[in-house]
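Asks: Please see the structure below; I have some questions.
Each reported figure results from applying straightforward, stated rules to the coordinates on display, with no laboratory input. The model shown is predicted, which means the values in this text are computed figures rather than measured ones. Neighbour counts are summed over all protein chains in view; Cβ atoms, including those assigned to glycine, are modelled from backbone coordinates with ideal geometry.
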Amino acid sequence: MTSQQQVFDAIDARRDRIVEFLTEFIGIPTENPPGRAYPEGAAFLEQALNARNYDVETVPVPQDVVAEHYPDRAEYPRTNVLGHREYGDGPTLHFTGHFDVVPAGVDWTRDPYDPVVEDGKLYGRGASDMKSGIAASLLAVDALEAADVDLAGTITQSMTVDEETGGFTGLGYLVDEGYFAETDYCIYTECFDSTRVCLGHRGVLKFEVTAKGKKSHGCMAHDGQNAITAMQDFLGRIEEYRETLHTRTTDLPVTPPESRHADISTTMIDAGYSENVVPDRCTATFYRVLVPGESVSDARSEIDARLQATQEATGAEFDYDEIMFAEPAEVPRECTVSQTVATHVERHHGDVEFVVSPGSDDQRFVVNDGGIENCIVYGPGLLEQAHVEDEYVPIDEILTAAKVMAATTIDLLGETEPN
């Protein structure tokens with residue numbers, strides 16, 4: 001039997017190699033939207049898995065499936081990448097993470113796609129969210145191999161697209177196509193820092209509403225019907241709804257604690273042509289957050305009731321268009337993978353924090369659609385670094401997370417008995 005310290009030493013010995021790997025990986029600008037450089041990202045990961053002797057499978061997403069979810073981006077090819085290592089007939093552990101990143105923006109003090117290391121931190125877009133998570137799970141298995149650990153099960157690594165815009169053609173597609181059918185345990189390596197075990201997330205419903213009025217000259221407003229005025233009625237009902245939602249709380253450890261309630265926000269408004277024209281269109285966009293225990297279908301019904309009331313009150317016609325939804329997800333703190341990861345987090349940090357994410361992520365596909373209870377979120381990187389300028393990940397975070405992943409792998413899959 002190999003000692004855990006041998007595995008940990010193998011991880012520490014690969015510090016420079018994993019920084020080199022991650023530097024090249026971050027340098028590929030896999031921005032979403034729209035899905036830029038996905039082929040280059042997939043090819044890089046395919047090569048990395050082949051170099052490690054995984055059985056590699058690339059899964060292109062059919063264009064009609066992409067068009068169903070992202071009609072304005074269907075011309076951008078999308079490919080998910082999987083690698084399998086079968087050691088024995090024991091359980092299967094599936095590490096999964098996404099390789100798309102949000103657009104870098106313009107306010108960086110460094111080139112977001114020319115990563116640099118400063119003071120033990122690696123800077124670049126995707127450093128925390130979440131290319132370091134993919135690097136950590138690869139590093140964990142590299143170290144197990146280097147230490148000659150004889151595992152008794154199977155490891156799968158999957159790297160997916162489009163999490164930043166809903167994940168439907170990424171992890172959602174893999175779950176729909178049966179790639180998780182044989183999975184016993186799953187670790188989604190999203191950034192939450194290496195001291196935390198994430199048990200689930202809140203849900204979201206993004207939608208827009210358009211009020212339809214009648215255009216007229218501003219000096220003859222009586223000839224028109226002002227769509228902005230009609231929208232004001234609906235916005236008032238949304239504010240009342242928001243107050244109601246704030247009374248719907250959860251006892252789950254959503255972090256930060258201020259996010260432990262349902263919510264709705266008006267996030268964008270578009271109306272008007274000129275200062276002297278009564279507008280016949282006003283479109284508002286909304287972001288409805290659901291706590292575990294709520295459902296998207298119930299949220300739709302509540303919104304529709306308020307929309308119907310506004311139409312009756314104003315006489316205006318309204319259109320409802322859904323942008324994206326994600327059901328809440330949660331798993332028990334007592335599930336095997338959660339407790340196993342927590343044990344090893346405590347050994348490295350002295351304590352562990354169980355949390356629930358304030359926003360949605362791809363865990364829901366595995367838990368809700370795949371029916372796999374033993375699925376938690378654990379990875380390096382800092383949640384507060386996600387989507388910000390000058391994003392970074394502490395290199396020690398990657399190494400610690402890899403050690404937790406490696407030790408967890410041994411416990412979950414077991415080791416073969418020597419002959």
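Asks: Please list, or write none, the lysines whose alpha carbon is within less than 16 Å of the alpha carbon of residue 121, excluding same-chain residues fewer than 8 places away.
Replies: 131
Asks: Mind checking which of 258, 145, 391 has the largest fluctuation in a GNM of the chain, springs on alpha carbons under 10 Å?
Replies: 258
Asks: Measure nothing but the geometry: give the 0 to 90° angle between the long axis through the Cα atoms of 38-51 and the longest principal axis through the Cα atoms of the chain, rounded to 10°.
Replies: Taking the Cα atoms of the chain, the angle to 38-51 is about 10 degrees.
Asks: Now, a different point. Bin by bin, in steps of 10 Å, what percent of the Cα pairs in the range 297-419 do you find, going until the bin that has the longest distance?
Replies: With 10 Å bins starting at 0, P(r) equals 10, 27, 27, 16, 11, 6, 2, 0, 0.
Asks: Given +1 on the Cβ of Lys and Arg, -1 on the Cβ of Asp and Glu, and no further charges, what dipole in debye does the range 204-326 carry about its Cα centre, rounded to the nearest 20?
Replies: About 100 debye.
Asks: Suppose every K and R has +1 on its Cβ and every D and E has -1 on its Cβ; what is the size of the dipole of the range 195-275 about the Cα centre, in Debye to the nearest 20?
Replies: Numbers: 10 positive and 11 negative charges, 63 e Å.
Roughly 300 debye for the range 195-275.
Asks: In terms of Cα to Cα distance under 18 Å, which aspartates and glutamates are near enough to residue 214, apart from those fewer than 8 places away along the same chain?
Replies: Partners within reach: 223, 233, 270, 275, 280, 312, 317, 319.
Asks: Could you list, by residue number, the cysteines of the chain that have no other cysteine's beta carbon within less than 4.7 Å of their beta carbon?
Replies: 191, 198, 219, 282, 335
Asks: Another question about this same structure. Restricting to bridges with both residues inside the chain, how much of the DSSP beta-bridge set is antiparallel, in percent to the nearest 5?
Replies: 70 percent
Asks: Also, quick follow-up: Given the C-alpha atoms of the chain, compute the convex hull and give its volume per residue in Å³.
Replies: 146 Å³
Asks: How many nm is it between the label spots at residue 304 and residue 239, if each spot is 7 Å from the Cα in line with the beta carbon?
Replies: Distance between the two pseudo-spin positions: 2.7 nm.
Asks: Oh, and also: If you wrap a convex hull around the alpha carbons of the range 149-277, what volume per residue comes out, as a whole number of Å³?
Replies: Working: hull volume 24.4 nm³, N = 129.
Per residue, the Cα convex hull of the range 149-277 comes to 189 Å³.
Asks: For the range 20-146, I need the span (max minus min coordinate) of the C-alpha atoms along each principal axis, in Å, sorted largest to smallest.
Replies: 49, 46, 21
Asks: Which value, in debye to the nearest 20, describes the size of the charge dipole of the chain about its Cα centre when Lys and Arg Cβ atoms bear +1, Asp and Glu Cβ atoms bear -1, and nothing else is charged?
Replies: The dipole magnitude comes to about 660 debye.
Asks: Return the tail of the calculated pair distribution for the range 204-326, meaning the percent of Cα-Cα pairs more than 22 Å apart.
Replies: Summing the P(r) of the range 204-326 above 22 Å gives 40 percent of all pairs.
Asks: Got a sec? Charge dipole of the range 135-233, +1 on Cβ for Lys and Arg, -1 for Asp and Glu; which of 169, 153, 225 is way out at the positive end?
Replies: After comparing all options, I get 225.
Asks: Continuing with this model, one more query. Could you give P(r) for the range 104-175, binned at 10 Å from zero, as whole percent values over all Cα-Cα pairs?
Replies: Final binned percentages: 15, 34, 32, 17, 2.
Asks: How much length, in nm to one decimal, is gained on full extension between residue 221 and residue 351, taken as 0.36 nm per residue of separation minus their Cα-Cα distance?
Replies: On the way: separation 130, 0.36 × 130 = 46.80 nm, distance 6.54 nm.
Separation in residues times 0.36 nm, less the Cα-Cα distance, equals 40.3 nm.
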